[in-house]
Amino acid sequence: MGFFSDIFRVRADPQRQLLKFSARVSEQAVFEYWLHPKSVLPFVQASNFSEWQGTEEFKGKAVGKDATLGVKTSEGMTYFKMSDSHLWVLRAQLEAACFELGSISETDKVDTPSHITIDLLYTMQNKLQQSVEEMMTAQLENFSANLLAALDTRLSKLNVQPIVVQKPSVESQNISSDTPIFIPSKILQGGIEGNTEIKATESKDDISAAAEALKQLKNTRRKQ
Amino acid sequence: MSVGLDIGTMNIVSARQQDDKVHTRRIRDAFLDLPLHAKKVLKLSKSSFMQRDGDLLLLGDQALEMAIIFGKEVRRPLSQGLVSPSEIHSLEVLGYLIQEVLGLSADKETCFFSIPAAPVDNLSKDVIYHKGVFERIVTECGYKAIASNEAMAIIFAEAAVEGFSALSFSFGSGMTNIALAFNGIEGMVFSVERGGDWIDGGAARSLGSPQSRLCHIKEVGIDLLAPKNRDEEALTFYYRELINYVLDWVQKEFTKRQLYNVVTRPVPVILSGGTSKAGNFVHLFREEYEKRKKKFSLPISEIRAATDPLNAVAKGLLIQAINEDED
(Lines give C-alpha, C1' and ligand atoms only; values in the text may rest on other atoms or scores of the structure.)
Protein backbone atom coordinates (compact mmCIF):
# COMPACT_ATOMS: atom_id res chain seq x y z
CA MET A 1 0.00 0.00 0.00
CA GLY A 2 1.47 3.34 -0.93
CA PHE A 3 0.66 6.86 0.29
CA PHE A 4 1.71 10.23 -0.94
CA SER A 5 2.67 12.31 1.99
CA ASP A 6 4.49 15.57 2.40
CA ILE A 7 4.16 16.03 6.13
CA PHE A 8 6.18 14.00 8.57
CA ARG A 9 6.74 14.60 12.20
CA VAL A 10 9.24 12.82 14.41
CA ARG A 11 9.17 13.15 18.17
CA ALA A 12 11.52 11.52 20.72
CA ASP A 13 10.06 9.96 23.86
CA PRO A 14 12.97 9.83 26.33
CA GLN A 15 10.97 7.95 28.96
CA ARG A 16 10.08 5.11 26.68
CA GLN A 17 13.27 5.52 24.62
CA LEU A 18 11.19 5.31 21.50
CA LEU A 19 10.61 7.50 18.48
CA LYS A 20 7.12 8.53 17.44
CA PHE A 21 6.84 8.85 13.67
CA SER A 22 3.69 10.51 12.29
CA ALA A 23 2.80 10.71 8.63
CA ARG A 24 -0.22 12.64 7.40
CA VAL A 25 -1.58 10.85 4.38
CA SER A 26 -4.69 12.97 3.86
CA GLU A 27 -6.62 15.84 5.45
CA GLN A 28 -8.40 13.39 7.72
CA ALA A 29 -5.85 10.57 8.26
CA VAL A 30 -2.54 10.46 10.10
CA PHE A 31 -0.57 7.29 10.54
CA GLU A 32 1.48 7.01 13.70
CA TYR A 33 4.23 4.50 14.44
CA TRP A 34 6.40 3.87 17.47
CA LEU A 35 9.90 3.01 16.35
CA HIS A 36 12.92 1.68 18.20
CA PRO A 37 15.98 3.88 17.61
CA LYS A 38 18.01 0.89 16.52
CA SER A 39 15.60 0.15 13.71
CA VAL A 40 16.09 3.62 12.21
CA LEU A 41 19.82 4.09 12.86
CA PRO A 42 21.00 2.57 9.53
CA PHE A 43 18.50 4.86 7.76
CA VAL A 44 19.71 7.87 9.72
CA GLN A 45 23.32 7.11 9.02
CA ALA A 46 22.87 6.56 5.29
CA SER A 47 24.54 9.10 3.04
CA ASN A 48 23.06 7.82 -0.19
CA PHE A 49 19.61 6.48 -0.98
CA SER A 50 20.23 5.20 -4.48
CA GLU A 51 19.64 1.75 -3.02
CA TRP A 52 17.34 0.75 -0.18
CA GLN A 53 18.91 2.03 3.02
CA GLY A 54 17.81 1.08 6.52
CA THR A 55 16.41 -2.02 8.11
CA GLU A 56 13.51 -4.32 7.35
CA GLU A 57 11.47 -2.23 9.80
CA PHE A 58 12.34 1.19 8.38
CA LYS A 59 14.00 1.83 5.06
CA GLY A 60 14.14 4.33 2.24
CA LYS A 61 15.22 4.64 -1.36
CA ALA A 62 15.43 7.52 -3.80
CA VAL A 63 15.44 7.35 -7.61
CA GLY A 64 16.03 10.71 -9.15
CA LYS A 65 13.65 13.18 -7.47
CA ASP A 66 11.24 10.47 -6.30
CA ALA A 67 11.65 8.62 -3.06
CA THR A 68 9.92 5.77 -1.25
CA LEU A 69 9.81 5.11 2.45
CA GLY A 70 8.95 1.67 3.78
CA VAL A 71 7.67 1.06 7.34
CA LYS A 72 6.93 -2.40 8.63
CA THR A 73 3.63 -2.69 10.50
CA SER A 74 1.58 -5.53 11.90
CA GLU A 75 -0.20 -5.63 8.57
CA GLY A 76 2.98 -5.80 6.56
CA MET A 77 5.03 -3.09 4.82
CA THR A 78 3.48 0.32 4.28
CA TYR A 79 5.06 2.51 1.68
CA PHE A 80 5.00 6.28 1.47
CA LYS A 81 5.76 8.13 -1.77
CA MET A 82 7.54 11.45 -1.52
CA SER A 83 10.21 13.61 -3.07
CA ASP A 84 13.86 12.93 -2.29
CA SER A 85 13.99 16.29 -0.46
CA HIS A 86 11.31 15.13 1.92
CA LEU A 87 13.21 11.90 2.48
CA TRP A 88 16.25 13.91 3.49
CA VAL A 89 14.14 16.12 5.75
CA LEU A 90 12.78 13.01 7.42
CA ARG A 91 16.27 11.64 7.84
CA ALA A 92 17.36 14.89 9.52
CA GLN A 93 14.35 14.81 11.85
CA LEU A 94 15.07 11.21 12.83
CA GLU A 95 18.74 12.03 13.35
CA ALA A 96 17.82 14.88 15.72
CA ALA A 97 15.41 12.64 17.63
CA CYS A 98 18.00 9.83 17.91
CA PHE A 99 20.51 12.37 19.18
CA GLU A 100 17.99 13.49 21.76
CA LEU A 101 17.56 9.92 22.97
CA GLY A 102 21.33 9.46 23.06
CA SER A 103 21.25 6.76 20.44
CA ILE A 104 23.82 8.57 18.38
CA SER A 105 26.56 10.99 19.30
CA GLU A 106 27.61 14.21 17.56
CA THR A 107 30.41 12.35 15.79
CA ASP A 108 28.00 9.78 14.40
CA LYS A 109 26.11 12.45 12.48
CA VAL A 110 26.40 12.19 8.72
CA ASP A 111 26.63 15.35 6.66
CA THR A 112 23.84 15.96 4.27
CA PRO A 113 25.09 16.30 0.64
CA SER A 114 25.33 19.93 -0.47
CA HIS A 115 22.79 19.69 -3.33
CA ILE A 116 20.34 18.17 -0.89
CA THR A 117 21.03 21.04 1.52
CA ILE A 118 20.21 23.53 -1.19
CA ASP A 119 17.05 21.60 -2.02
CA LEU A 120 16.15 21.53 1.63
CA LEU A 121 16.73 25.25 1.95
CA TYR A 122 14.52 25.91 -1.06
CA THR A 123 11.86 23.62 0.33
CA MET A 124 11.97 25.34 3.67
CA GLN A 125 12.01 28.76 2.03
CA ASN A 126 9.00 27.88 -0.07
CA LYS A 127 7.19 26.54 2.92
CA LEU A 128 8.00 29.64 4.91
CA GLN A 129 6.98 31.92 2.07
CA GLN A 130 3.74 30.02 1.67
CA SER A 131 3.02 30.29 5.37
CA VAL A 132 3.81 34.00 5.39
CA GLU A 133 1.63 34.59 2.36
CA GLU A 134 -1.24 32.70 3.90
CA MET A 135 -0.84 34.64 7.09
CA MET A 136 -0.65 37.99 5.30
CA THR A 137 -3.63 37.18 3.09
CA ALA A 138 -5.66 36.29 6.14
CA GLN A 139 -4.61 39.47 7.91
CA LEU A 140 -5.31 41.66 4.85
CA GLU A 141 -8.72 40.09 4.38
CA ASN A 142 -9.47 40.73 7.98
CA PHE A 143 -8.28 44.35 7.69
CA SER A 144 -10.32 44.88 4.53
CA ALA A 145 -13.46 43.48 6.18
CA ASN A 146 -12.97 45.76 9.17
CA LEU A 147 -12.37 48.79 6.93
CA LEU A 148 -15.51 48.15 4.84
CA ALA A 149 -17.57 47.66 7.96
CA ALA A 150 -16.28 50.98 9.37
CA LEU A 151 -16.94 52.70 6.05
CA ASP A 152 -20.51 51.36 5.89
CA THR A 153 -21.17 52.62 9.40
CA ARG A 154 -19.89 56.10 8.55
CA LEU A 155 -21.66 56.27 5.19
CA SER A 156 -24.95 55.34 6.78
CA LYS A 157 -24.59 58.39 9.02
CA LEU A 158 -24.03 60.76 6.09
CA ASN A 159 -26.89 62.74 4.59
CA VAL A 160 -26.15 62.46 0.86
CA GLN A 161 -27.75 65.01 -1.47
CA PRO A 162 -28.87 63.64 -4.84
CA ILE A 163 -26.48 64.63 -7.64
CA VAL A 164 -28.10 66.12 -10.70
CA VAL A 165 -26.01 65.42 -13.75
CA GLN A 166 -26.67 67.95 -16.46
CA LYS A 167 -26.11 66.55 -19.90
CA PRO A 168 -24.10 69.08 -21.89
CA SER A 169 -26.28 70.29 -24.69
CA VAL A 170 -24.90 71.45 -27.99
CA GLU A 171 -27.02 74.58 -27.76
CA SER A 172 -25.42 75.56 -24.49
CA GLN A 173 -22.04 75.75 -26.21
CA ASN A 174 -23.31 78.31 -28.65
CA ILE A 175 -22.85 81.94 -27.90
CA SER A 176 -26.10 83.22 -26.51
CA SER A 177 -27.51 86.45 -27.83
CA ASP A 178 -26.61 88.36 -24.66
CA THR A 179 -22.94 87.39 -24.88
CA PRO A 180 -21.01 90.59 -25.55
CA ILE A 181 -19.18 90.56 -28.84
CA PHE A 182 -16.84 93.29 -29.91
CA ILE A 183 -17.88 94.97 -33.15
CA PRO A 184 -15.34 97.53 -34.34
CA SER A 185 -16.57 101.07 -34.82
CA LYS A 186 -15.84 103.37 -37.75
CA ILE A 187 -15.62 100.56 -40.26
CA LEU A 188 -16.19 103.11 -42.99
CA GLN A 189 -12.85 104.84 -42.96
CA GLY A 190 -11.76 107.75 -44.99
CA GLY A 191 -8.58 107.78 -47.03
CA ILE A 192 -9.78 105.11 -49.42
CA GLU A 193 -9.34 105.96 -53.05
CA GLY A 194 -11.19 103.87 -55.52
CA ASN A 195 -13.50 103.38 -58.40
CA THR A 196 -16.36 100.92 -58.57
CA GLU A 197 -18.46 99.70 -61.42
CA ILE A 198 -21.93 98.97 -60.14
CA LYS A 199 -24.29 96.89 -62.25
CA ALA A 200 -27.58 98.74 -62.10
CA THR A 201 -30.85 97.33 -63.40
CA GLU A 202 -34.42 98.46 -63.29
CA SER A 203 -37.50 96.34 -63.61
CA LYS A 204 -41.22 96.96 -63.53
CA ASP A 205 -42.65 97.38 -60.09
CA ASP A 206 -43.45 93.85 -59.09
CA ILE A 207 -43.29 94.43 -55.38
CA SER A 208 -46.13 96.84 -54.67
CA ALA A 209 -48.72 94.07 -54.76
CA ALA A 210 -46.62 91.95 -52.39
CA ALA A 211 -46.09 94.90 -50.03
CA GLU A 212 -49.84 95.54 -50.02
CA ALA A 213 -50.60 91.86 -49.37
CA LEU A 214 -48.15 91.84 -46.47
CA LYS A 215 -49.80 94.95 -45.05
CA GLN A 216 -53.25 93.31 -45.30
CA LEU A 217 -51.95 90.15 -43.64
CA LYS A 218 -50.50 92.10 -40.73
CA ASN A 219 -53.69 94.14 -40.31
CA THR A 220 -55.80 90.97 -40.27
CA ARG A 221 -53.51 89.46 -37.66
CA ARG A 222 -53.73 92.58 -35.51
CA LYS A 223 -57.55 92.52 -35.64
CA GLN A 224 -57.56 88.89 -34.55
CA MET B 1 -37.10 105.98 -48.87
CA SER B 2 -36.94 102.28 -48.02
CA VAL B 3 -34.16 100.06 -49.22
CA GLY B 4 -33.38 96.36 -49.19
CA LEU B 5 -29.79 95.16 -49.04
CA ASP B 6 -28.79 91.58 -49.80
CA ILE B 7 -25.30 90.85 -48.52
CA GLY B 8 -24.12 87.59 -50.01
CA THR B 9 -20.83 85.77 -50.30
CA MET B 10 -20.73 86.43 -54.04
CA ASN B 11 -22.85 89.54 -54.58
CA ILE B 12 -24.03 92.59 -52.69
CA VAL B 13 -27.35 93.85 -54.06
CA SER B 14 -29.45 96.81 -53.08
CA ALA B 15 -33.07 97.38 -54.17
CA ARG B 16 -35.12 100.58 -54.12
CA GLN B 17 -38.56 101.48 -55.42
CA GLN B 18 -38.57 104.59 -57.58
CA ASP B 19 -40.92 105.94 -60.24
CA ASP B 20 -43.02 102.76 -60.42
CA LYS B 21 -39.89 100.74 -60.94
CA VAL B 22 -37.56 98.69 -58.83
CA HIS B 23 -33.94 99.70 -59.14
CA THR B 24 -31.26 97.26 -58.17
CA ARG B 25 -27.54 97.83 -57.87
CA ARG B 26 -25.14 94.92 -57.69
CA ILE B 27 -21.43 94.46 -57.16
CA ARG B 28 -19.40 91.30 -57.05
CA ASP B 29 -18.23 90.61 -53.53
CA ALA B 30 -14.67 89.61 -54.39
CA PHE B 31 -11.23 91.19 -54.67
CA LEU B 32 -7.70 90.51 -55.78
CA ASP B 33 -4.36 92.02 -54.72
CA LEU B 34 -2.47 93.90 -57.38
CA PRO B 35 0.89 95.66 -57.34
CA LEU B 36 0.61 99.44 -56.82
CA HIS B 37 2.00 100.29 -60.28
CA ALA B 38 -1.13 98.70 -61.84
CA LYS B 39 -3.25 101.59 -60.56
CA LYS B 40 -2.77 103.74 -63.67
CA VAL B 41 -3.93 100.90 -65.94
CA LEU B 42 -6.94 100.28 -63.71
CA LYS B 43 -7.91 103.94 -63.91
CA LEU B 44 -7.59 104.01 -67.70
CA SER B 45 -9.64 100.83 -68.08
CA LYS B 46 -12.23 102.18 -65.61
CA SER B 47 -11.89 99.02 -63.52
CA SER B 48 -13.27 98.77 -59.99
CA PHE B 49 -10.55 99.07 -57.43
CA MET B 50 -9.77 100.48 -54.02
CA GLN B 51 -6.51 101.72 -52.61
CA ARG B 52 -5.71 102.25 -48.99
CA ASP B 53 -2.18 102.95 -47.83
CA GLY B 54 0.04 100.51 -49.70
CA ASP B 55 -2.69 98.07 -50.75
CA LEU B 56 -4.28 98.05 -54.17
CA LEU B 57 -7.27 95.78 -54.51
CA LEU B 58 -9.07 95.00 -57.74
CA LEU B 59 -12.78 94.63 -57.00
CA GLY B 60 -15.83 92.90 -58.39
CA ASP B 61 -16.25 90.86 -61.57
CA GLN B 62 -12.86 91.93 -62.89
CA ALA B 63 -11.18 90.43 -59.83
CA LEU B 64 -12.79 87.13 -60.68
CA GLU B 65 -11.80 87.40 -64.37
CA MET B 66 -8.17 88.25 -63.50
CA ALA B 67 -8.05 85.38 -61.03
CA ILE B 68 -9.09 82.98 -63.79
CA ILE B 69 -6.47 84.39 -66.21
CA PHE B 70 -3.62 84.11 -63.68
CA GLY B 71 -4.84 80.85 -62.13
CA LYS B 72 -5.18 82.45 -58.70
CA GLU B 73 -7.92 82.14 -56.13
CA VAL B 74 -9.98 85.28 -55.71
CA ARG B 75 -10.24 86.69 -52.16
CA ARG B 76 -13.61 87.04 -50.47
CA PRO B 77 -14.57 89.30 -47.57
CA LEU B 78 -17.26 86.75 -46.71
CA SER B 79 -16.55 83.09 -46.28
CA GLN B 80 -19.33 80.49 -46.16
CA GLY B 81 -21.91 83.22 -45.83
CA LEU B 82 -20.31 84.93 -42.84
CA VAL B 83 -17.70 87.67 -42.35
CA SER B 84 -14.38 86.01 -43.04
CA PRO B 85 -12.15 86.15 -39.95
CA SER B 86 -9.07 85.17 -41.97
CA GLU B 87 -9.30 88.13 -44.36
CA ILE B 88 -7.57 91.13 -42.82
CA HIS B 89 -9.12 93.45 -45.38
CA SER B 90 -12.64 92.05 -45.11
CA LEU B 91 -14.24 94.78 -42.99
CA GLU B 92 -12.71 97.64 -44.98
CA VAL B 93 -13.64 96.04 -48.29
CA LEU B 94 -17.16 95.27 -47.11
CA GLY B 95 -17.60 98.78 -45.76
CA TYR B 96 -16.42 100.28 -49.03
CA LEU B 97 -18.55 97.99 -51.24
CA ILE B 98 -21.73 98.51 -49.20
CA GLN B 99 -21.22 102.24 -49.22
CA GLU B 100 -20.87 102.16 -53.00
CA VAL B 101 -23.94 99.97 -53.55
CA LEU B 102 -26.16 101.58 -50.93
CA GLY B 103 -25.01 105.19 -51.01
CA LEU B 104 -25.04 107.44 -47.97
CA SER B 105 -28.36 108.41 -46.44
CA ALA B 106 -28.93 111.83 -44.95
CA ASP B 107 -32.40 111.23 -43.49
CA LYS B 108 -32.15 107.85 -41.73
CA GLU B 109 -33.92 105.73 -44.35
CA THR B 110 -35.04 102.24 -43.37
CA CYS B 111 -32.71 99.55 -44.63
CA PHE B 112 -33.55 95.88 -44.22
CA PHE B 113 -30.36 93.93 -44.73
CA SER B 114 -30.06 90.18 -45.08
CA ILE B 115 -28.48 87.85 -42.61
CA PRO B 116 -28.21 84.09 -42.90
CA ALA B 117 -29.58 81.71 -40.29
CA ALA B 118 -27.10 79.85 -38.11
CA PRO B 119 -25.90 76.70 -39.89
CA VAL B 120 -27.43 73.50 -38.56
CA ASP B 121 -24.50 71.43 -39.80
CA ASN B 122 -21.91 73.47 -37.92
CA LEU B 123 -23.15 74.31 -34.46
CA SER B 124 -19.93 76.11 -33.55
CA LYS B 125 -20.91 79.01 -35.83
CA ASP B 126 -23.42 81.72 -35.15
CA VAL B 127 -24.42 84.92 -36.92
CA ILE B 128 -24.12 87.35 -34.00
CA TYR B 129 -20.82 88.93 -35.08
CA HIS B 130 -21.88 88.92 -38.73
CA LYS B 131 -25.13 90.70 -37.88
CA GLY B 132 -23.35 93.19 -35.63
CA VAL B 133 -20.79 94.09 -38.30
CA PHE B 134 -23.40 94.85 -40.97
CA GLU B 135 -25.66 96.65 -38.55
CA ARG B 136 -22.68 98.89 -37.81
CA ILE B 137 -21.76 99.42 -41.48
CA VAL B 138 -25.35 100.19 -42.56
CA THR B 139 -25.81 102.50 -39.59
CA GLU B 140 -22.54 104.28 -40.42
CA CYS B 141 -23.93 104.80 -43.93
CA GLY B 142 -26.74 106.79 -42.28
CA TYR B 143 -29.59 104.23 -42.34
CA LYS B 144 -31.93 102.72 -39.78
CA ALA B 145 -30.55 99.17 -40.01
CA ILE B 146 -32.85 96.17 -39.50
CA ALA B 147 -31.59 92.63 -39.99
CA SER B 148 -33.83 90.02 -41.62
CA ASN B 149 -33.41 86.41 -42.69
CA GLU B 150 -32.54 86.06 -46.35
CA ALA B 151 -34.66 82.96 -47.08
CA MET B 152 -37.71 84.59 -45.49
CA ALA B 153 -37.12 87.59 -47.79
CA ILE B 154 -37.58 85.26 -50.77
CA ILE B 155 -40.99 84.22 -49.43
CA PHE B 156 -42.01 87.90 -49.09
CA ALA B 157 -40.85 88.56 -52.66
CA GLU B 158 -42.19 85.46 -54.37
CA ALA B 159 -45.10 83.95 -52.43
CA ALA B 160 -47.61 86.80 -52.04
CA VAL B 161 -50.14 84.83 -54.11
CA GLU B 162 -49.92 81.91 -51.68
CA GLY B 163 -50.42 84.21 -48.71
CA PHE B 164 -46.71 84.11 -47.90
CA SER B 165 -46.81 80.36 -47.38
CA ALA B 166 -43.84 78.63 -48.96
CA LEU B 167 -40.66 76.70 -48.52
CA SER B 168 -37.84 78.81 -49.91
CA PHE B 169 -34.27 77.96 -50.72
CA SER B 170 -31.60 80.60 -51.16
CA PHE B 171 -28.79 78.76 -52.89
CA GLY B 172 -25.95 81.19 -52.31
CA SER B 173 -22.22 80.83 -52.75
CA GLY B 174 -21.20 80.29 -49.17
CA MET B 175 -24.25 78.53 -47.82
CA THR B 176 -27.81 77.56 -48.54
CA ASN B 177 -30.52 79.22 -46.50
CA ILE B 178 -33.88 77.60 -46.04
CA ALA B 179 -37.13 79.02 -44.67
CA LEU B 180 -40.61 77.66 -44.23
CA ALA B 181 -43.41 80.12 -43.61
CA PHE B 182 -47.14 79.59 -43.35
CA ASN B 183 -49.45 82.60 -43.70
CA GLY B 184 -46.45 84.86 -43.26
CA ILE B 185 -45.46 83.25 -39.97
CA GLU B 186 -41.98 81.84 -39.80
CA GLY B 187 -42.08 78.09 -39.19
CA MET B 188 -38.41 77.31 -39.47
CA VAL B 189 -35.29 79.01 -40.74
CA PHE B 190 -31.90 77.41 -40.92
CA SER B 191 -28.88 77.20 -43.16
CA VAL B 192 -26.37 74.59 -44.23
CA GLU B 193 -22.72 75.28 -44.93
CA ARG B 194 -22.90 74.13 -48.51
CA GLY B 195 -23.56 76.27 -51.54
CA GLY B 196 -22.02 77.27 -54.84
CA ASP B 197 -18.49 77.41 -53.41
CA TRP B 198 -18.89 73.87 -52.10
CA ILE B 199 -19.90 72.74 -55.60
CA ASP B 200 -16.94 74.57 -57.20
CA GLY B 201 -14.53 73.33 -54.54
CA GLY B 202 -15.66 69.71 -54.79
CA ALA B 203 -15.50 69.72 -58.60
CA ALA B 204 -12.14 71.55 -58.57
CA ARG B 205 -10.61 69.01 -56.18
CA SER B 206 -11.83 66.06 -58.20
CA LEU B 207 -10.50 67.58 -61.44
CA GLY B 208 -7.31 69.17 -60.06
CA SER B 209 -8.35 72.57 -61.35
CA PRO B 210 -8.60 76.04 -59.71
CA GLN B 211 -11.94 76.72 -58.05
CA SER B 212 -12.27 80.07 -59.90
CA ARG B 213 -12.23 78.20 -63.22
CA LEU B 214 -15.04 75.89 -62.20
CA CYS B 215 -17.01 78.87 -60.93
CA HIS B 216 -16.55 80.55 -64.32
CA ILE B 217 -17.69 77.42 -66.21
CA LYS B 218 -20.75 77.30 -63.99
CA GLU B 219 -21.61 80.94 -64.53
CA VAL B 220 -21.04 80.95 -68.29
CA GLY B 221 -23.82 78.44 -68.54
CA ILE B 222 -24.23 74.78 -67.81
CA ASP B 223 -27.11 72.43 -68.53
CA LEU B 224 -27.39 70.19 -65.51
CA LEU B 225 -29.48 67.63 -67.38
CA ALA B 226 -27.02 67.38 -70.29
CA PRO B 227 -23.42 67.94 -69.16
CA LYS B 228 -21.09 68.25 -72.17
CA ASN B 229 -17.70 67.38 -70.71
CA ARG B 230 -15.95 66.13 -67.59
CA ASP B 231 -15.96 69.58 -65.95
CA GLU B 232 -19.72 69.85 -66.35
CA GLU B 233 -20.23 66.25 -65.25
CA ALA B 234 -18.32 66.95 -62.05
CA LEU B 235 -20.31 70.12 -61.42
CA THR B 236 -23.60 68.28 -62.06
CA PHE B 237 -22.58 65.56 -59.63
CA TYR B 238 -22.01 68.12 -56.87
CA TYR B 239 -25.23 69.99 -57.72
CA ARG B 240 -27.17 66.77 -57.25
CA GLU B 241 -25.37 66.08 -53.96
CA LEU B 242 -26.17 69.57 -52.70
CA ILE B 243 -29.87 69.19 -53.51
CA ASN B 244 -30.03 65.87 -51.67
CA TYR B 245 -28.15 67.32 -48.74
CA VAL B 246 -30.57 70.24 -48.27
CA LEU B 247 -33.63 68.03 -48.76
CA ASP B 248 -32.30 65.69 -46.07
CA TRP B 249 -31.98 68.63 -43.70
CA VAL B 250 -35.46 69.96 -44.51
CA GLN B 251 -36.96 66.56 -43.70
CA LYS B 252 -34.91 66.34 -40.51
CA GLU B 253 -35.71 69.85 -39.25
CA PHE B 254 -39.40 69.65 -40.24
CA THR B 255 -39.73 66.42 -38.25
CA LYS B 256 -37.68 67.70 -35.33
CA ARG B 257 -39.75 70.87 -35.02
CA GLN B 258 -43.01 68.91 -35.39
CA LEU B 259 -44.53 71.27 -37.93
CA TYR B 260 -47.08 68.74 -39.24
CA ASN B 261 -49.94 70.57 -37.57
CA VAL B 262 -48.79 74.02 -38.65
CA VAL B 263 -48.65 73.39 -42.39
CA THR B 264 -52.25 72.44 -43.15
CA ARG B 265 -52.08 72.69 -46.95
CA PRO B 266 -49.39 72.04 -49.56
CA VAL B 267 -46.92 74.88 -50.01
CA PRO B 268 -44.81 75.81 -53.05
CA VAL B 269 -41.06 75.38 -53.12
CA ILE B 270 -39.26 78.49 -54.37
CA LEU B 271 -35.68 78.15 -55.54
CA SER B 272 -33.53 81.25 -55.58
CA GLY B 273 -29.95 82.46 -55.32
CA GLY B 274 -27.08 82.61 -57.80
CA THR B 275 -26.37 78.89 -57.59
CA SER B 276 -29.92 78.08 -58.69
CA LYS B 277 -29.37 79.95 -61.97
CA ALA B 278 -27.67 76.96 -63.59
CA GLY B 279 -29.59 75.54 -66.56
CA ASN B 280 -32.31 73.05 -65.61
CA PHE B 281 -31.59 73.42 -61.90
CA VAL B 282 -35.32 73.33 -61.19
CA HIS B 283 -35.70 70.11 -63.18
CA LEU B 284 -32.78 68.53 -61.36
CA PHE B 285 -34.33 69.57 -58.05
CA ARG B 286 -37.68 68.08 -59.11
CA GLU B 287 -35.94 64.83 -60.10
CA GLU B 288 -34.30 64.48 -56.71
CA TYR B 289 -37.48 65.47 -54.87
CA GLU B 290 -39.56 62.90 -56.82
CA LYS B 291 -37.18 60.15 -55.64
CA ARG B 292 -38.05 60.89 -52.02
CA LYS B 293 -41.56 62.29 -52.44
CA LYS B 294 -43.30 59.39 -50.64
CA LYS B 295 -41.15 59.78 -47.56
CA PHE B 296 -41.16 63.57 -47.52
CA SER B 297 -43.30 64.81 -44.63
CA LEU B 298 -43.90 68.36 -45.87
CA PRO B 299 -46.75 68.61 -48.44
CA ILE B 300 -45.49 70.33 -51.60
CA SER B 301 -47.79 71.90 -54.21
CA GLU B 302 -45.16 72.81 -56.82
CA ILE B 303 -41.46 73.49 -57.31
CA ARG B 304 -40.60 76.69 -59.12
CA ALA B 305 -37.72 79.08 -59.60
CA ALA B 306 -37.84 82.61 -58.28
CA THR B 307 -38.74 85.13 -60.97
CA ASP B 308 -35.51 87.03 -60.36
CA PRO B 309 -33.09 84.71 -58.51
CA LEU B 310 -30.27 87.24 -58.14
CA ASN B 311 -32.49 90.02 -56.82
CA ALA B 312 -35.25 88.11 -55.01
CA VAL B 313 -33.69 88.54 -51.56
CA ALA B 314 -33.11 92.28 -52.04
CA LYS B 315 -36.67 92.71 -53.28
CA GLY B 316 -38.10 90.76 -50.34
CA LEU B 317 -36.12 92.94 -47.97
CA LEU B 318 -37.39 96.03 -49.76
CA ILE B 319 -41.00 94.82 -49.29
CA GLN B 320 -40.35 94.46 -45.57
CA ALA B 321 -38.70 97.89 -45.43
CA ILE B 322 -41.68 99.50 -47.17
CA ASN B 323 -44.00 97.69 -44.79
CA GLU B 324 -41.97 98.92 -41.84
CA ASP B 325 -42.11 102.51 -43.05
CA GLU B 326 -45.87 102.35 -43.64
CA ASP B 327 -46.56 101.02 -40.13
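The values are calculated or read from the model by the stated rules, or taken from the named source; none is laboratory data. Since we're looking at a predicted model, the values are computed, not measured. Reconstructed Cβ throughout: ideal geometry from the backbone, glycine too, with neighbour counts over all protein chains shown. Remember, those area values only see protein heavy atoms, side chains included, never the ligands or the DNA or RNA. Shrake-Rupley method; radii C 1.70, N 1.55, O 1.52, S 1.80 Å.
Computed from the C-beta positions of A:D205 and B:L225, the FRET efficiency with R₀ = 35 Å rounds to 0.55. Taking the helices alone, chain B has a mean residue ellipticity at 222 nm of -12500 deg cm²/dmol, built from -39,500 (n - 2.57) per DSSP H run of at least 4 residues and averaged over all its residues. Straight distance only, please: which lysines reach the Cα of B:K40 with their own Cα at less than 25 Å, same-chain residues fewer than 8 apart left out? Partners within reach: A:K199, B:K72. Accessible surface of A:W34, taken over heavy atoms with a 1.4 Å probe and every protein chain present, rounds to 110 Å².
Over all residues in B:48-55, what is the mean tally of Cβ atoms on other chains that come within 10 Å of each residue's Cβ? Intermediate results must be reported in sequence, preceding the final value.
Working: counts 5, 5, 5, 5, 6, 2, 0, 1.
Partner-chain Cβ atoms within 10 Å, mean over residues of B:48-55: 4.
Note on B:Y96: accessible area approximately 20 square angstrom, rounded to 10, probe 1.4 Å, nucleic acids and ligands left out. Label point of B:V161 set 7 angstrom out along Cα-Cβ; within segment B:263-292, amide nitrogens under 19 Å from it belong to B:265-273, B:282-283, B:286.
Compute the accessible area per residue over the protein assembly as shown, keeping the other protein chains in place, probe 1.4 Å, unit Å².
Working: 28600 Å² over 551 residues.
Per residue, the protein assembly as shown has 52 Å² of solvent-accessible surface.
Figure note: B:D20, B:D55, B:D29 ranked by solvent-accessible area, largest first, 1.4 Å probe, ligands and nucleic acids not counted: B:D20, B:D55, B:D29. In whole angstrom, how far apart do the alpha carbon centroids of segment A:20-64 and segment B:78-154 sit? Centre-to-centre distance over Cα atoms comes out at 106 Å.
Note down the relative contact order for chain B as a percent, whole number, built from C-alpha pairs under 8 angstrom at least six residues apart. Computed over chain B, the figure is 20 percent. Sorted into 5 angstrom bins from 0, the C-alpha pair distances of segment B:212-327 split as 2, 10, 17, 18, 17, 16, 11, 6, 3, 1, 0 percent. Calculated on the Cα set of segment B:178-228, radius of gyration then Dmax: 15.8, 47 Å.
Dimensions of segment B:124-171 along the principal axes, based on C-alpha atoms and rounded to the nearest Å, stand at 37, 32, 15, largest first. Of all DSSP-defined beta bridges confined to segment B:72-188, some 65% are antiparallel rather than parallel.
Counting only DSSP beta bridges with both residues in the protein assembly as shown, what percent are antiparallel, rounded to the nearest 5?
75 percent
Among residues other than B:P299 with Cβ under 14 Å from its Cβ, the summed charge is +3 (Lys and Arg +1, Asp and Glu -1). When B:K218, A:K218 are compared by accessible area at a 1.4 angstrom probe, the order from most to least is A:K218, B:K218. Evaluated over the Cα positions of the protein assembly as shown, the convex hull gives a direction-averaged projected area, one quarter of its surface, of 53.5 nm². The alpha carbon convex hull volume per residue for segment B:154-193 rounds to 48 Å³. For a straight C-alpha distance cut-off of 19 angstrom, the lysines reachable from A:K186 (same-chain residues fewer than eight places away being disregarded) are B:K108, B:K131, B:K144.
Using the reciprocal of the averaged 1/r over all distinct C-alpha pairs, how large is the Kirkwood radius of segment A:1-77 in Å? Spell out each step's value before the answer.
Details: mean 1/r = 0.0754 Å⁻¹.
About 13.3 Å, per the Kirkwood formula over Cα pairs.
Shielding of peptide B:15-27 by partners, expressed as the average count of other chain Cβ atoms within 10 Å per residue Cβ, is 4.
Can you tell me the equivalent ellipsoid semi-axes for chain B? Use √(5λ) from the Cα gyration tensor, largest first, whole Å. Kindly include the intermediate steps, with their values, before the conclusion.
Numbers: eigenvalues 196, 136, 54 Å².
Computed over chain B, the values are 31, 26, 16 Å.
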